[in-house]
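See below for the structure under consideration.
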Amino acid sequence: MSGFPQNFLWGGATAANQFEGAFLEDGKGWSTADTARFIKENGISMAELLKPTTKADVEFAMNDKEGVYPKRHGIDFYHRYKEDIALFAEMGFKTFRLSISWPRIFPNGDELEPNEAGLAFYDAVFDECLKYDIEPLVTISHYEFPLGLAFKQNGWESRETIEAFERYARVLFNRYKDKVKYWLTFNEINIIGMTGYLSGGILADGEKNMLQAQYQAAHHQFIASALAVKACHEIIPDAQIGCMLARMEAYPETCNPLDVMESVNSDHNNLFYSDVQIRGYYPSYMNKFFRDHNITIKKEAGDDQILREGTVDFMSFSYYMSSIASHKKDGDTTSGNLLSSKKNPYLEASDWGWQIDPVGLRVTLHKLYDRYQVPLFIVENGLGAKDVVEADGSIHDSYRIDYLRSHIEQMEQAIDEGVDLMGYTPWGCIDLVSASTSEMSKRYGFIYVDLDDEGKGSLDRSRKDSFYWYKKVIETNGADL
Ligand code: BG6
């Protein structure tokens, strides 16, 4: 096999709302993520996560003195970034994916002047990365929308949010142009078609067709993303900027052509977003979907041109699992990242029911590369698991090593078979708060953080077995797995 390219970007991925903490420090405003509560009894079900959020729900959370809101405190990266980045450097990271908190820079989302303390914090973080030759890979918006703009104009449902976002993105490009050369616009942009509140600030008050609101919001994000791509190319000519999709690979349940058709439909539903961002126009297959769901996308003159001129340089995506597409809706289901699916008898699943499928990653890499012919970047992948700390402090997470090894093997094969893959940043390289359930006990990291679901613990960091293993993988550029 040809092996990994010499400039392959090994690293790890995080998001501000799940690890920074310091949620109202130094002028930061409220974000949608700050209202996500941990529910002890049963955890938070997917149905609950995807449930429409009203203004009253948000106000309740903002005033709730009893509840535990783990994303407000994260793992305190805000104050411990030096220690954490030193640990990433020890593993040999070439890149570190993090996001910028929009309300840390513009507390309400749409002020005319940015918050200097917020900008200074990221300057310090980037400087620390560059000290170790770690390239920052920055997501401009990752699952946290400024609450001020949610209340004022219902988030991305409003066209005015485009202007606020463009101003925010331009401030970032101008400020960090000498420090950041890899950018992503919206994390898992397709999620806005499922949960409008978390990533889009869309409140579900009054009688409204939520799907109409979510797809209109997606249109506004497409325009905002295209404008940001253009601005990035103007301000930082040597930077690359990509889109980011939660890839949902769904196999036909059987060779019944109706199941195969379901799988095609599932791809359309998923790839609609990257089709727009990479090809620069709306795919015709969405017309029927919009008709069937009474959706009319309001576009302005000039929007089509903005989309054509703002296509991304590369495609990044998250991949955790595969699922099943079936024309029959019966049978056992299992949960997954935002969609439940039938169980695949050939696959094992994580403790949270996510079906582990390394070959599916290779299938997806080929499908995406065949379709788009642009470089790909796996910016999230990993196993959420409960770790046990032994009496001597060690953590033997062989299950995590097995998961990652098997996925890296498939990446190497895909590269050998012709796929252009830029890099790999496993999710939650340091333990952080879960996006879907707000748990700490669902851990992905190479680095353990002493913190429990209720926010108790010393916050001390320690190295798991996977830490030493990944260090060796990077050192040998993937040759020693
Ligand atoms: C992705 C998100 O969907 O999956 C991350 O971009 C998230 O923010 C990750 O944390 C894993 O999901 P979870 O729910 O296990 O944290």
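Since Thr161 meets every condition but one in (1) within 16 Å of the ligand (Cβ to nearest atom); (2) of a type in the set (S, T, N, Q); (3) surrounded by 24 or more Cβ atoms within 10 Å (Cβ to Cβ), which condition does it not meet?
(1)
Just to be sure before I move on: is Arg167 of a type in the set (D, E, K, R), crowded, with 24+ Cβ neighbours inside 10 Å and either farther than 25 Å from Tyr369 by Cα or within 16 Å of the ligand (Cβ to nearest atom) (or both) in the structure I sent? Before the answer, list the steps.
Working: of a type in the set (D, E, K, R): yes; crowded, with 24+ Cβ neighbours inside 10 Å: no; either farther than 25 Å from Tyr369 by Cα or within 16 Å of the ligand (Cβ to nearest atom) (or both): yes.
So Arg167 does not fit the description; no.
Can you give me the number of residues within the range 117-144 that are modelled with pLDDT under 95 and part of a helix (DSSP H, G or I)?
The qualifying residues number 0.
State whether the residues of the range 88-95 include one that is on the phi > 0 side of the Ramachandran plot, in contact with a helix residue (DSSP H, G or I) (Cβ under 9 Å, 6 or more places away or on another chain) and either crowded, with 22+ Cβ neighbours inside 10 Å or not β-branched (Val, Ile, Thr) (or both). If you could, list the steps in order and put the result at the bottom.
Of the range 88-95, the ones on the phi > 0 side of the Ramachandran plot are 92.
Then keep just the ones that are in contact with a helix residue (DSSP H, G or I) (Cβ under 9 Å, 6 or more places away or on another chain); that gives 92.
Imposing the further condition that a residue be either crowded, with 22+ Cβ neighbours inside 10 Å or not β-branched (Val, Ile, Thr) (or both) reduces the set to 92.
Yes, the range 88-95 contains at least one residue that is on the phi > 0 side of the Ramachandran plot, in contact with a helix residue (DSSP H, G or I) (Cβ under 9 Å, 6 or more places away or on another chain) and either crowded, with 22+ Cβ neighbours inside 10 Å or not β-branched (Val, Ile, Thr) (or both).
Return a yes/no flag: does the range 122-129 have any residue that is in contact (Cβ under 8 Å) with a residue 24 or more places away in the chain, under 23 Å from the mean Cα position of the chain (by Cα), buried (at least 20 other Cβ atoms within 10 Å of the Cβ) and under 11 Å from Gly201 (Cβ atoms).
No: the range 122-129 contains no residue that is in contact (Cβ under 8 Å) with a residue 24 or more places away in the chain, under 23 Å from the mean Cα position of the chain (by Cα), buried (at least 20 other Cβ atoms within 10 Å of the Cβ) and under 11 Å from Gly201 (Cβ atoms).
Since Lys65 meets every condition but one in (1) surrounded by fewer than 24 Cβ atoms within 10 Å (Cβ to Cβ); (2) at pLDDT 95 or above; (3) not hydroxyl-bearing (Ser, Thr, Tyr), which condition does it not meet?
All conditions are met except number (2).
Across the range 53-90, what is the number of residues that are aromatic (Phe, Trp, Tyr) and in a loop (DSSP other than H, G, I, E, B)? Can you show your working first?
Kept after step one, since they are aromatic (Phe, Trp, Tyr), are these residues of the range 53-90: 60, 69, 77-78, 81, 88.
Filter once more, keeping what is in a loop (DSSP other than H, G, I, E, B): 69.
Residues in the range 53-90 being aromatic (Phe, Trp, Tyr) and in a loop (DSSP other than H, G, I, E, B): 1 in total.
Determine if the range 355-371 includes at least one residue that is among the aliphatic types (A, V, I, L, M), under 17 Å from the mean Cα position of the chain (by Cα) and within 20 Å of Ile278 (Cβ to Cβ).
Among the residues of the range 355-371, at least one is among the aliphatic types (A, V, I, L, M), under 17 Å from the mean Cα position of the chain (by Cα) and within 20 Å of Ile278 (Cβ to Cβ), which makes the answer yes.
Say whether the condition of being part of a strand (DSSP E or B) and more than 16 Å from the ligand (Cβ to nearest atom) is met by at least one residue in the range 212-230.
As a first pass, look at the range 212-230 and keep what is part of a strand (DSSP E or B): none.
Looking for residues that are part of a strand (DSSP E or B) and more than 16 Å from the ligand (Cβ to nearest atom), one finds none in the range 212-230, hence no.
Quick one: would you say Ser466 is of a type outside the set (Lys, Arg), within 16 Å of the ligand (Cβ to nearest atom) and crowded, with 16+ Cβ neighbours inside 10 Å? Can you show your working first?
Numbers: of a type outside the set (Lys, Arg): yes; within 16 Å of the ligand (Cβ to nearest atom): no; crowded, with 16+ Cβ neighbours inside 10 Å: yes.
Against the criterion (of a type outside the set (Lys, Arg), within 16 Å of the ligand (Cβ to nearest atom) and crowded, with 16+ Cβ neighbours inside 10 Å), Ser466 does not qualify.
Out of everything in the range 176-209 that is without any contact (Cβ under 8 Å) to a residue 40 or more places away in the chain and away from the ligand (no atom under 16 Å from the Cβ), what residue ends up being surrounded by the fewest Cβ atoms within 10 Å (Cβ to Cβ)?
Only one residue tops the list, namely Glu207.
Could you please give the count of residues in the range 217-261 that are in contact with a His (Cβ under 6 Å, 6 or more places away or on another chain) and within 28 Å of Leu198 (Cα to Cα)? It would help to see each step written out before you state the result.
As a first pass, look at the range 217-261 and keep what is in contact with a His (Cβ under 6 Å, 6 or more places away or on another chain): 258-259.
Then keep just the ones that are within 28 Å of Leu198 (Cα to Cα); that gives none.
Within the range 217-261, residues that are in contact with a His (Cβ under 6 Å, 6 or more places away or on another chain) and within 28 Å of Leu198 (Cα to Cα) number 0.
Tally the residues that are surrounded by fewer than 23 Cβ atoms within 10 Å (Cβ to Cβ) and among the charged types (D, E, K, R), restricting the search to the range 432-449.
Number of matching residues: 1.
The values are calculated or read from the model by the stated rules, or taken from the named source; none is laboratory data. The model shown is predicted, which means the values in this text are computed figures rather than measured ones. Cβ coordinates were reconstructed from backbone atoms using ideal geometry, including for glycine residues, and neighbour counts include every protein chain displayed.
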